[in-house]
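Participant: I'd like to ask you about the structure that follows.
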Amino acid sequence: MKLFDSHTHLNSEPLWEDWQWYMQKFIDVGGVGLINSGASESYNVQGVEIAKIAERDFKNCIVKATLGRHPLECVEWRLAADEISAKMQWLKELYLANKHYVVAIGETGIDVHYSNGLETLKIQKELFIQHCNLARELKLPLVVHSRDAFLETFEILKNYTDLTIYFHCRGYGPQEFEILHSKFEKLFIGFCGNVTYKNAQALRDTLAIVSLQQLLLETDAPYLTPQIIRGETNHPANVKYMYEFVSEILQINPESLSQQVETNFHTIYKI
Ligand SMILES: [Zn+2]
């Protein structure tokens, strides 16, 4: 069965050093497509580098990158307002020099989960808006990270209904999904390990109503390890647990799920 990890971070700290090893593990379980999502300067550069090397060394697996700055950069590193334009320009140049390897803008969005999230909300919004503008300019899908801030996220996103939106795993409940669904024609929802957690009934309720044509599966590794192996560092091969879990919950046979996710992966990323 073919597996696709639509949003992961082999370009991040605990996986980066041994990324080839993790790639091989992914391929061994049936992995044929994987997207490393950008979130910081090093994630972006490393994501492109992985895509280049993988094209040569892992020919049977599609490996591409997305480019973006995570909202938590504002929180953790105190990104200042006057730094944003320069960072966005850098991002655009990185894209223009590596078009073949980059399939989307993001991840980006709004995150007020941590204590100083609200304090930095204004700057997070500005960063998010600039990503939306860049995605529009470059005609690329936008990968959205939103946590504890649905309304703030939607307030901005609603001005970009022409974009293809990938709302990745920090999902919300059915009500929020319906709002997005009614507004965006080109909407994809990614589910990762947190949908398997005991307290995540709202996410499972969303999973139950998302149409199969909107569904993507992901690991968001190294984060959000599925319940079945929780406590371990997450990595792309674990996307197999997502396929198992989702086919069980939705009561669809794994092979049809695999085919549908494959179609969606190609549709959103145009690869
Ligand atoms: Zn992520």
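The values are calculated or read from the model by the stated rules, or taken from the named source; none is laboratory data. Remember, predicted model here, so these are calculated numbers, not experimental data. Because the Cβ atoms are built from the backbone with ideal geometry, glycine has one as well, and the counts that use them run over all protein chains shown.
Participant: Test His9 against the criterion of being in contact with a His (Cβ under 7 Å, 6 or more places away or on another chain), in contact (Cβ under 8 Å) with a residue 24 or more places away in the chain and not aromatic (Phe, Trp, Tyr), and give yes or no. Steps first, please.
Facilitator: Details: in contact with a His (Cβ under 7 Å, 6 or more places away or on another chain): no; in contact (Cβ under 8 Å) with a residue 24 or more places away in the chain: yes; not aromatic (Phe, Trp, Tyr): yes.
For His9, the condition - in contact with a His (Cβ under 7 Å, 6 or more places away or on another chain), in contact (Cβ under 8 Å) with a residue 24 or more places away in the chain and not aromatic (Phe, Trp, Tyr) - is not met.
Participant: Hey, among the residues in the stretch 127-179 that are basic (Lys, Arg) and either within 16 Å of the ligand (Cβ to nearest atom) or in contact with a Gly (Cβ under 9 Å, 6 or more places away or on another chain) (or both), which one's farthest from Val261 (Cα to Cα)? It would help to see each step written out before you state the result.
Facilitator: Kept after step one, since they are basic (Lys, Arg), are these residues of the stretch 127-179: 136, 139, 147, 158, 170.
Now drop any that are not either within 16 Å of the ligand (Cβ to nearest atom) or in contact with a Gly (Cβ under 9 Å, 6 or more places away or on another chain) (or both), which leaves 147, 170.
Numbers: Arg147: 24, Arg170: 19 Å.
Taking the candidates together, the pick is Arg147.
Participant: Also, quick follow-up: Report whether or not Gln89 is touching an Asp or Glu at 6+ places or on another chain (Cβ under 9 Å), over 20 Å from Ser6 (Cα atoms) and not aromatic (Phe, Trp, Tyr). So that I can check it myself, show each step before the final result.
Facilitator: On the way: touching an Asp or Glu at 6+ places or on another chain (Cβ under 9 Å): no; over 20 Å from Ser6 (Cα atoms): yes; not aromatic (Phe, Trp, Tyr): yes.
Taking the combined requirement at face value, the residue does not satisfy it.
Participant: Take Glu126 and decide whether it is under 18 Å from Arg69 (Cα atoms), in contact (Cβ under 8 Å) with a residue 24 or more places away in the chain and surrounded by fewer than 19 Cβ atoms within 10 Å (Cβ to Cβ). Can you show your working first?
Facilitator: Details: under 18 Å from Arg69 (Cα atoms): yes; in contact (Cβ under 8 Å) with a residue 24 or more places away in the chain: yes; surrounded by fewer than 19 Cβ atoms within 10 Å (Cβ to Cβ): yes.
Yes: the conditions hold for Glu126.
Participant: Looking at the stretch 208-236, which of the residues that are in contact with a Lys or Arg (Cβ under 9 Å, 6 or more places away or on another chain) and away from the ligand (no atom under 13 Å from the Cβ) is nearest to Leu10 (Cα to Cα)?
Facilitator: Applying the filter and picking the extreme gives His235.
Participant: Quick check, is Leu217 closer than 18 Å to Pro174 by Cα and either crowded, with 21+ Cβ neighbours inside 10 Å or within 14 Å of the chain's Cα centre (by Cα) (or both)?
Facilitator: Details: closer than 18 Å to Pro174 by Cα: yes; either crowded, with 21+ Cβ neighbours inside 10 Å or within 14 Å of the chain's Cα centre (by Cα) (or both): yes.
It is true that Leu217 is closer than 18 Å to Pro174 by Cα and either crowded, with 21+ Cβ neighbours inside 10 Å or within 14 Å of the chain's Cα centre (by Cα) (or both).
Participant: So which of Asp148, Asp162, Asp205 ends up being farther than 13 Å from Gly106 by Cβ, touching a Lys or Arg at 6+ places or on another chain (Cβ under 8 Å), surrounded by fewer than 23 Cβ atoms within 10 Å (Cβ to Cβ) and not hydroxyl-bearing (Ser, Thr, Tyr)?
Facilitator: Numbers: Asp148 fails: touching a Lys or Arg at 6+ places or on another chain (Cβ under 8 Å); Asp205 fails: touching a Lys or Arg at 6+ places or on another chain (Cβ under 8 Å).
On inspection, the qualifying residue turns out to be Asp162.
Participant: Among (1) of a type outside the set (Val, Ile, Thr); (2) at pLDDT 95 or above; (3) within 16 Å of the ligand (Cβ to nearest atom); (4) touching a His at 6+ places or on another chain (Cβ under 8 Å), there is one condition Ala39 misses while meeting the rest; what is its number?
Facilitator: Exception for Ala39: condition (2).
Participant: Related question: Need a quick list: helices (runs of 4 or more DSSP H) entirely within the stretch 1-120 having at least 3 residues that are surrounded by fewer than 17 Cβ atoms within 10 Å (Cβ to Cβ).
Facilitator: Numbers: elements: 13-16, 19-28, 41-57, 72-76, 81-97.
The helices (runs of 4 or more DSSP H) meeting that bar are 19-28, 41-57, 81-97.
Participant: Right, next: Just wondering, is there one or more residues in the stretch 78-95 that are within 15 Å of the ligand (Cβ to nearest atom), under 20 Å from Ile165 (Cβ atoms) and modelled with pLDDT of 95 or more? Break it down stepwise before answering.
Facilitator: Step one: list which residues in the stretch 78-95 are within 15 Å of the ligand (Cβ to nearest atom), which gives none.
Scanning the stretch 78-95, I find no residue that is within 15 Å of the ligand (Cβ to nearest atom), under 20 Å from Ile165 (Cβ atoms) and modelled with pLDDT of 95 or more, so the answer is no.
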